[in-house]
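Trainee: Before I ask anything, let me first share the structure, which is written out below as structure tokens.
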Amino acid sequence: MGVNPGILELFPEGTTVEADRGLTVGGVALSEVADRFSTPAYVVDEAGLRARIRRYQQALSAGWPDSRLVFASKSFPCVAAYRLMAQAGIGVDVAGLGELAAALRGGVEGRDLVLHGNAKTSAEIEMAVAAGVGLVVVDNFDDIDRLERALDHTVTGRQDVLVRVLPEVRADTYEAVATGQKGSKFGLPLDQVPRAIERIRASAKLRMAGVHTHVGSQILDVEPFAAAVRALAGLGEFETYNLGGGLGARYTYTDHPPEPEEWIGAVVDTARRHLPGSARLMIEPGRSLVARSGVTLYRVVNVKRGDRVTVAVDGGMADNMEVALYGQRFEATLVDRVGGGEPVDIVGRHCESGDRISSGVTLRAPRVGDVIAIPVTGAYCHTMANNYNGALKAPVVFCAEGEAREVVRRETLTDFFARDTSEWIDAS
């Protein structure tokens, strides 16, 4: 089957096209996944994700032996993903009560967790302390107050903390996911960091383990990461430097993000020049670790032909908010007629003009009932799923060695009404 290789370069590494089965991921035909689990559905190439983790581990350990890979789990907070990370032996960062609970449920040990958040509640901090979370990232002075109160009634040793530093580095990315620039809601400004460090070092309950920084997400250039490292160097010497994540994923044909080895190499090279060689380095990739391993499946509901060809599908902004939030572009193909075709606009089923999955993509003679695959949806799609227009949240299906298994089932109407406490009243 003749296929433009460009589209396959965006799908998980093990994706193939078979003459009689069409597009396959993990040895499973995507048409079969759509038939068995319905659509919309999130599909994950399990072997591809494991291989991606190993690639990061190898590059990081080769560059800086005393280092730690940590998964930024907000990108894909699924219990099965947490379990996979635990099996791979990497750390996990969490930024909320549900993420913390899901990570523990997935078998991640408390000591392997890093707690983030610019507005941590007392409940989150208390749960983290009870779970023995290895590192808490202090974002503000109120974090210090809440941590000390939470530790008042424990018999454990002091809690290791990192201070999140606002490096005043503006990365070239979407405004909604830039976090390192002056005025960001995240972290402490450089002139306030020494006071936070002094207070932590004076605490009988906290231990100053190091500093943390993060400049944003979907960054396609290594310089902002290097600049953030340089910003940390002027704060003194610490045992741990958590340099965050933010490496971009390749969503479209025209995106060319640095490879993981290039990103890690740039960070490590800068660290060698500016940070103590005895320190421990941590990085926290999220999007770049999981995005390519995910594919979303939709079924065509209608096709309108006029000035433009509009293909409407059975999902949209309830299962992929990235387009509506900051205009991220996605490519697409039909699973049984891969690559090429006429330019179309793929739109969702929700009552917003902004509910568009992609404009100007090519599909080969799309018709009602066809299954469309959108690559590079392993990050920030499942995590931001919602019930707009009463949509029921999509399942997550892991594919590996020719087998498909549902790790998150589709939401039902029973689930949808589970939290509703109102009583039906006959007003007739």
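Trainee: Starting from the amide H of V407, placed 1.01 Å from N in the peptide plane, find each other amide H under 5 Å away whose residue is 5 or more places distant or on another chain.
Mentor: V396, V397, F398
Trainee: Antiparallel as a % of all DSSP beta bridges within the chain, to the nearest 5?
Mentor: 50 percent
Trainee: While we're on this one: Could you state, as a whole-number percent, how many of the C-alpha pairs of the stretch 1-122 are farther apart than 24 Å?
Mentor: Percent of Cα pairs beyond 24 Å in the stretch 1-122: 43.
Trainee: Applying a 10 Å radius around every beta-carbon, put 286-293, 399-406, 142-149 in order of their mean neighbour count, most first.
Mentor: 286-293, 142-149, 399-406
Trainee: Could you please state how large a percent of the accessible area of the chain is carbon and sulfur, counting protein chains only and using a 1.4 Å probe?
Mentor: Percent of accessible area from carbon and sulfur atoms in the chain: 49.
Trainee: Next up: Of [x] 26, 59, 15, 0; [y] 30, 61, 9, 0; [z] 26, 53, 20, 1, which is the value of P(r) over Cα pairs in 20 Å bins from 0, in percent derived from the coordinates here?
Mentor: After the calculation, the listed value that fits is [z].
Trainee: Not counting ligands, DNA or RNA, and with a 1.4 Å probe, what is H274's accessible surface area in Å² rounded to the nearest 10?
Mentor: H274 has an accessible surface of roughly 80 Å² with all protein chains in place.
Trainee: Whole-Hz ³J(HN,Hα) for each residue in the stretch 91-99, computed from phi via Karplus 6.51 cos²θ - 1.76 cosθ + 1.60 with θ = phi - 60°, x for glycine and proline: what do you get?
Mentor: So the J values, rounded to whole Hz, are x, 9, 9, 10, 9, x, 4, x, 5.
Trainee: Need one value: the accessible area of M384 in square angstrom, 1.4 angstrom probe, rounded to the nearest 10.
Mentor: 60 Å²
Trainee: Further question: Provide the net charge surrounding S75, with neighbours chosen by a C-beta distance below 14 Å and charges set as Lys +1, Arg +1, Asp -1, Glu -1.
Mentor: 0
Trainee: Determine, for the chain, the count of lysine pairs separated by eight or more sequence positions (or lying on different chains) whose alpha-carbon distance falls under 24 Å.
Mentor: Lysine pairs satisfying the spacing and distance rule in the chain number 7.
Trainee: Add -39500 (n - 2.57) for each DSSP H run of 4 or more in the chain, then divide by its residues: what number comes out at 222 nm, to the nearest 500 deg cm²/dmol?
Mentor: -8000 deg cm²/dmol
Trainee: If packing is taken as the average number of other Cβ atoms within 10 Å across a peptide's residues, how do 238-247, 197-206, 123-132, 409-418 rank, most packed first?
Mentor: In descending order of packing, they fall as 238-247, 123-132, 197-206, 409-418.
Trainee: Same structure, new question: Over the chain, what is the relative contact order in whole percent, taking alpha-carbon pairs under 8 Å and six or more residues apart?
Mentor: Computed value for the chain: 20 percent relative contact order.
Trainee: Output the antiparallel fraction of DSSP beta bridges having both residues in the stretch 3-94, as a percent to the nearest 5.
Mentor: 60 percent
Trainee: Something else now. May I ask you to work out the translational diffusion coefficient for the stretch 50-130 at 25 °C, viscosity 0.890 mPa s, via Stokes-Einstein with Rh from the Kirkwood sum over Cα pairs, reported in whole µm²/s?
Mentor: In µm²/s, the coefficient rounds to 188.
Trainee: Can you list residues from other chains, or at least 5 along the same chain, whose modelled amide H is less than 5 Å from the amide H of R68?
Mentor: Excluding prolines and chain starts, which carry no amide H, the hits are L281, M282, I283.
Trainee: Still on this structure, please answer the following. Determine the per residue accessible area of the stretch 341-410 with all protein chains present and a 1.4 angstrom probe, expressed in square angstrom.
Mentor: The answer is 42 Å² per residue.
Trainee: Using only alpha carbons, build the gyration tensor for the stretch 314-367 and give me the equivalent ellipsoid semi-axes, biggest first, whole Å.
Mentor: 21, 11, 9
The values are calculated or read from the model by the stated rules, or taken from the named source; none is laboratory data. Not measured: the values here are computed from a predicted model. Note that each Cβ is placed from the backbone with ideal geometry, even for glycine, and that neighbours are counted across all protein chains shown. Each accessible area value is taken on the protein alone, full model and side chains, heavy atoms only, with ligands, DNA and RNA left out. Shrake-Rupley method; radii C 1.70, N 1.55, O 1.52, S 1.80 Å.
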